[in-house]
Each structure stands twice: as structure tokens, then as C-alpha cells.
């Protein structure tokens, strides 16, 4: 009996010939051809969208940054100042740090106007009051960057109810209140940018940060839905959702993702400014692991997704919550005193 065709091929052909034969066999399948052409077209469309994206000019614009006194907020303020914005508006609950940041920015950037306001964005009424005051003064804001964020860093059963509520008030609900205040003037001018700083934790959940992760998932969903809503009504107002991995800031001191070194906030700030100007979405991490993880989550069963994410389950093992505790305490004091 003569050997089977496949066996004969493997015995007498080179690896290249085997691969070429396999390619011909696969290409003969209609479904395979359709899928390859589809994903090839998608890839070309993605490349073209980045290549031909209309660049947005930020020179001479007004940019509002919440949580702008330190960390990523301060780094973004410095980056937009370098790119020639006319006016920076910084909101934070740290009054002394705000004043110091204002002084540093104005000293380093001649002609730059820096407006600061002590705003506790965990309170809707405070956001509305500060927004009305700002709009009365400057007329409109070109770019609103929802950067302020907070986390608890404890198991859900050990987390105080008030802190869970505050995490959502700051990380999620504040997005609604700032957008409702600043979007109308953007729609009227058919120009503007709503930026939301979510997190890699808004794509991949981790233990010991159920409140934070859930709030950041919501922030990502908020931005996606808002983008689609603006597109549905033909608006030119843009959105940007930023999903950074770990950063070297006081708030996230000790927070580590295995295999992903923490990034400097200055690097993240440059990427954010680039994305605002190129009007493209942004997932920030040192490597391509997050993109691969998103694909895994879409294709794999839940148990396998959890298995892949197992190395990241200890991200909070060395977390230092000192800064987070001080922010919570400040918000608690503001609420008790009825202050902003």
C-alpha cells in the first residue's frame, strides 16, 4: 500500500514546502479567505485612521484638569503648558499644592494664565458651582480632563461604606456633572474635547480594588457611550478615554503590576497630549500585554481569563494607602463642615 499523501509530503518536503501546501489548503477554504480579508481590511482601516487623523491644535486653548495639583494632573498641566495653551484651570482639594503648582507653571511659562480653585469633586453641588463660576469668567472651556481619582485598596468587606460611595462619586459620578456643565458650550461651538482618565483596572479587574476597578469600568463605559452619542447627533466634539497602567505617584505608591514597570506621570502626560492632538483613543502600558488580554477576554471562557490574569492578582500586596487615606479624610472633613 502506498503511503498516505500527507505522510508522503511530510517525509519528502522541506518545512517551507509544507507551510506553502498548508497555506494553499487553508486559502481554498472560503470562510478562511473571508476572515483574512476582513481582518486585513480592518487593520488597514485602523492604520489609515491614525495616519490621516486630523491634528487638533491646542495652542491658545483653555484646558481644565481635575486633580491638577500633583501627580498625573500636574504633569499634564505642565505638558499642555509646553504646547502653548492660553489658560490652564486646575481643580483640587489640596489648596497649598494647588498654589505651589500655579506658581511653578506661571514661572516656567511666560504669558500662561493659571486659574486654580479648591473643588471637592465628590460633591455635585460643588462641581456645579465651580463650573458656573468658571464659565462666567472665561466663557467656555476647550478641553476638560477628568483626571481626579481615588481608591480604597482594601477587601470589599473591610471597606467603609462611605469610602465606597466616595470612590464612585469621584471616579464615576463626577464625569456626569462636569460633562453636563461643559458639554453644552462645546456643542454650541461644535468643538471641544472631553477626556476621561480611566485605568487598566477599568479593563482588567483585580482583587482588593473592587470599588476602584468597578468605578473605572464605569468610566470607560461612560466615555464609550458618550462618544457614540455625540457621533449619533453629528457633533464634532471629541472624547478620549485614557487607560494607564501603574504610575509612580504618591496615590499609587507601592502599586505594582508584575512584568509592567510603573510609568512616570510625565510620560503618560505626553501620551495624553499627543492623543488629544491626534484625536485618537489611548491605552497606555509599557508592552502589548493589555491588548492581548483584551483579545483573550473576548475569546476565552471566564476560568481561562482568570488564569491569565492570575499574575496580576497581587498588584495591591505592597500598596501604601497613606495618600489615599489623607484624601478621604480631607473629603470627609469637607462634607462635615459643608465646605467645597
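Just a few scattered comments:
- Fraction of the pair-distance distribution of segment 102-168 above 13 Å, Cα-Cα pairs, percent: 75
- Segment 111-170-segment 58-84 distance, computed between alpha-carbon centres (Å): 16
- Residues in segment 74-90 reached by a label modelled at residue 110 [backbone nitrogen below 18 Å; 7 Å Cα→Cβ]: 81-87
- Note on segment 49-202: Cα Rg divided by 2.2 N^0.38 Å, N the number of residues, gives 1.08.
- As a rough guide to protection, the peptides 102-114, 208-220 ranked by mean Cβ packing within 10 Å, highest first, stand as 208-220, 102-114.
- Isotropic mean projected area of the C-alpha convex hull, segment 58-337 (nm²): 14.6
- Calculated FRET efficiency, residue 274 to residue 224, Cβ-Cβ distance, R0 = 25 Å: about 0.75 to the nearest 0.05.
- Between residue 160 and residue 55, the C-beta separation translates, for a Förster distance of 51 Å, into a calculated FRET efficiency of about 0.65.
- The residues 127, 65, when put in order of fewest to most other Cβ atoms within 10 Å, stand as 127, 65.
- The antiparallel fraction among DSSP beta bridges confined to segment 58-337 stands at about 5%.
- FRET efficiency for the pair residue 125 and residue 100, taken as 1/(1 + (r/R0)^6) with r the Cβ-Cβ distance and R0 = 30 Å, rounds to 0.65.
Taken together, the values in this text are just the output of simple stated rules run on the coordinates, not laboratory data. Since this is a predicted model, take the numbers as computed values, not measurements. Heads up, the Cβs are rebuilt from the backbone with ideal geometry, glycines too, and the neighbour counts pull from every protein chain shown.
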